[in-house]
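Here is the structure we will look at, set down as structure tokens.
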Amino acid sequence: MLPEVPDWIVYVLIFGGFLMSFYFFLVLFTAQEKPKLKKLGKTAFIIPAKNAEHTLERCVKSVVDQNYRDFIYIIIVNDASTDRTLEIAKKLKRKFDSQTRKIIILTRKHSTGKKASAINHGLKYVLSNLEVQYIAVLDADTFIEKQALRDNMAYLQKPGIMGSTSWLVPYNKGNFWEKMQKVEYVLTGFYRVLLGRVSAICVAPAFTVFRAEFFKKAGFYDEHTLTEDFEIALRLRSLGYDMAFTDNKVLTIVPSRFKDLRRQRIRWWHGTLQNIAKYRHLISIKQGALGTFFLPVALILGTLFLVTALFIIGYDILFKLTNFVHDLLLGVMPKLKFEINLFSLSLALSDPKVILVVFGFLFSLIFLVYARKTINEKINILEYCLFILCYGWILAIFCIEAGIKYLFRRHVKW
Amino acid sequence: MVKHRHIYLLAVILATCVFVFGLLLGNYVASVKLKEFKKTEERFLVELLAFEAAHRVFSENICEFNVEDFFERKVELGRMLTNLEKRFGKEKPEIIAKKEIYELAEINLWNYLKEYKEKCGGNYSMVLFFYTNKKHDPKGSIDGCEDQGKILDQVVYEHNVLHKGMPVYVFSFDVNSKNSATKGIIKVYNITSVPTLVINDIVYGYSLKEKINSILENGTSTK
């Protein structure tokens, strides 16, 4: 027979969860003024495109349609695509080239399979051939709103801010995995809004705008990491600069199948661990909320929190299973009787662990309501419950798998 | 608006407050349930005493009382007590005190059921179950007692709910109980180790379901 999980471990986890929740809850009430865009500047959009025939046109069109009077270069890096990406890129050039928009197509005959390599190809071209003040990196399966560039640029005009990113939301939200990712992206985006308020943003995902001078100082994207977007943001932070986050909605294609989702998340977590190890010096009081809260507490302890919680649940299931088998061996059969006994029910609910978990759930609903309202995305309570009871734990399993692969130095594909 | 430098401190204070509130609320609800149990237990005791008065003092005929109904109520009380033990732990003094009162009621009821069976021909078996709740008790293992309890529950379920045999009434006693009545019954049956069962006045050690069923059906063990 296995021993039961000690109560104090569960209490520590619950308290940790409350601490993080209240921290972010209070951050909600910190003063935050949206900056106004004072000056436009020439911008280059780098779009790495590998077999992007289905999404490229919509992506490029979203850039062309920006509410932005200054010049925009759109650099499509065709990363050895084997589909109609090049043909579509050429068509888009003919269609959209104008006085303020110019599409440049760069074609690589051989792909390294890493996005960073394709971005760097575009960056090298931009830095040696074009005179631009801003460089935006945009995934070929991502579509931005008309105000996206202006809103991000407004933040970049604040001193010390070198990069600015936006709130990603899945474009495809039909099946279960997509719907779960919608909840995840809405909550993650809201979390980043809050992180932005305490200068703790350190990720440059599918759409990020940088000041061009940043790449001159910091160099190109790291082609050896699995999460180049996290690495570049940590590098930006380690050079003493800051990143901003706008609540502009950016639509992106998310994995539709479990297999693809698993591969993506293992890559993300593996890359995250790689980069935290690389930039561990950022875990410092000098880095403000990033060094004292985000990296050590939210990211490292948050991961540990998830993993420990998953372990406890797994252990509890194993505990119940061994008890069940033990009872069967004693000749004690499970009794399938459903009776509502108010005394035992209320006594079970009086367990402080149960009460605190209920508090935590209600508290999380406040965040959900704020997040939904801010990004204007619909999430129903069923989706949220499924997210908490099912999807969140699947992510935690991916996290453990990535951690094990990282510890045992197993190769993870991009 | 909250200033950044105060956020950490405020978060700790608020998290602690909600945490403590959750603990206090849980304990408050549990204490309310404990009071509810106390009331139910007292009501049961009063009825038992009333029955005793009617039977012993005014010599009323025991066959006219529904003694088996008392047993059902004892089972309900036992369930409540088990839930309280799960919530507060088996070694909490308040729970031990409640259990001692419960055991006194059990002994009274056991006596009545015995008398009822003899005088009125009640068709049921009675089992006394002696166990320990102490982790390292020299009298026997707590795990063995828990297993024996589960086996008895299964036997009772099969007999009383599925009607696979005559009804079985189980009375459980903690061998470390401080009350003199329980001590007396332990002495009468010379209980020195646990788990021990007394089925129809014969003492048995740890017994599997088949053995108990056999004893109940044949009046003795076939194994």
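The values are calculated or read from the model by the stated rules, or taken from the named source; none is laboratory data. On a predicted model such as this, the values are computed, not experimentally measured, just so you know. Note: ideal-geometry Cβ built from the backbone for every residue, glycine included; neighbour counts use all protein chains shown.
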Evaluate the stretch B:172-181: report whether one residue or more is surrounded by fewer than 16 Cβ atoms within 10 Å (Cβ to Cβ), free of Cβ contacts under 8 Å to residues at least 12 places away in the same chain and farther than 21 Å from residue B:93 by Cα. no
Just need a number here: residues in the stretch A:30-47 that are part of a loop (DSSP other than H, G, I, E, B) and away from chain B (no Cβ under 14 Å). 9
The listed residue being of a type outside the set (Asp, Glu), closer than 15 Å to residue B:169 by Cβ and buried (at least 18 other Cβ atoms within 10 Å of the Cβ), out of B:33, B:99, B:74: B:74
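Results for (1) without any contact (Cβ under 8 Å) to a residue 60 or more places away in the chain; (2) under 30 Å from residue A:44 (Cα atoms); (3) assigned to a helix (DSSP H, G or I), shown as yes or no for each residue.
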residue: A:245; (1), (2), (3): no, yes, no
residue: A:265; (1), (2), (3): no, yes, yes
residue: A:275; (1), (2), (3): yes, yes, yes
residue: A:290; (1), (2), (3): no, yes, yes
residue: A:303; (1), (2), (3): no, no, yes
Give B:164, B:150 a once-over and let me know the one that is surrounded by fewer than 21 Cβ atoms within 10 Å (Cβ to Cβ), out of contact with any Cys (no Cβ under 9 Å at 6 or more places or on another chain) and either modelled with pLDDT of 90 or more or under 28 Å from residue A:347 (Cβ atoms) (or both). B:150
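Would you check which residues across the stretch A:82-132 are of a type in the set (A, V, I, L, M, F, W, C) and outside any helix (DSSP H, G or I) and list them?
The answer is A:103, A:104, A:105, A:106, A:130, A:132.
Return the residue satisfying two criteria in turn: it lies in the stretch B:9-30 and is closer than 29 Å to residue A:32 by Cα and more than 7 Å from chain A (Cβ to nearest Cβ), and of such residues it is surrounded by the fewest Cβ atoms within 10 Å (Cβ to Cβ).
Per the stated criteria, the residue is B:9.
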With B:204, B:169 as the choices, which residue is assigned by TED's automatic domain parsing to the domain that holds residue B:140, surrounded by fewer than 19 Cβ atoms within 10 Å (Cβ to Cβ) and of a type in the set (Phe, Trp, Tyr)? B:204
In the stretch B:50-93, residue nearest to the other protein chains (Cβ to nearest Cβ) [restricted to those that are in a loop (DSSP other than H, G, I, E, B) and farther than 23 Å from residue B:37 by Cβ]: B:66
Looking only at residues that are closer than 22 Å to residue A:241 by Cα and basic (Lys, Arg) in the stretch A:125-159, which one is nearest to the chain's Cα centre (by Cα)? A:150
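Got a sec? Which of A:138, A:156 is touching a Lys or Arg at 6+ places or on another chain (Cβ under 7 Å) and surrounded by 21 or more Cβ atoms within 10 Å (Cβ to Cβ)?
Values: A:138 fails: touching a Lys or Arg at 6+ places or on another chain (Cβ under 7 Å).
Just a single option satisfies the conditions, and that option is A:156.
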Checking the structure you have, find out if any residue of the stretch A:23-39 is among the β-branched types (Val, Ile, Thr), modelled with pLDDT under 90 and more than 26 Å from the chain's Cα centre (by Cα). no
If you check A:5, A:63, A:77, which single one turns out to be in a strand (DSSP E or B) and either in contact with a Ser or Thr (Cβ under 7 Å, 6 or more places away or on another chain) or away from every other protein chain (no Cβ under 14 Å) (or both)? A:77
Which numbered condition residue A:294 fails, given (1) more than 14 Å from every other protein chain (Cβ to nearest Cβ); (2) closer than 26 Å to residue A:142 by Cβ; (3) not charged (D, E, K, R): (1)
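Results for (1) of a type in the set (Lys, Arg); (2) in contact with a helix residue (DSSP H, G or I) (Cβ under 6 Å, 6 or more places away or on another chain), shown as yes or no for each residue.
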site	(1), (2)
A:347	no, yes
A:366	no, no
A:372	yes, no
A:376	no, no
Would you please name the residue that is farthest from the other protein chains (Cβ to nearest Cβ), looking only at residues in the stretch A:15-29 that are farther than 12 Å from residue A:360 by Cβ and surrounded by fewer than 18 Cβ atoms within 10 Å (Cβ to Cβ)? A:28
Quick one: residue A:245 ticks every box in (1) over 19 Å from residue A:227 (Cβ atoms); (2) away from chain B (no Cβ under 14 Å) bar one, so which box is it? (1)
Whether any residue in the stretch B:97-112 is within 14 Å of chain A (Cβ to nearest Cβ) and either modelled with pLDDT of 90 or more or over 21 Å from residue B:126 (Cβ atoms) (or both) is what I want to check. yes
Residues within the stretch B:128-169 that are assigned to a helix (DSSP H, G or I) and within 12 Å of another protein chain (Cβ to nearest Cβ), tallied: 17
Which residue is farthest from the chain's Cα centre (by Cα), if the candidates are limited to the stretch A:350-360 and must be aliphatic (A, V, I, L, M) and within 7 Å of another protein chain (Cβ to nearest Cβ)? A:355
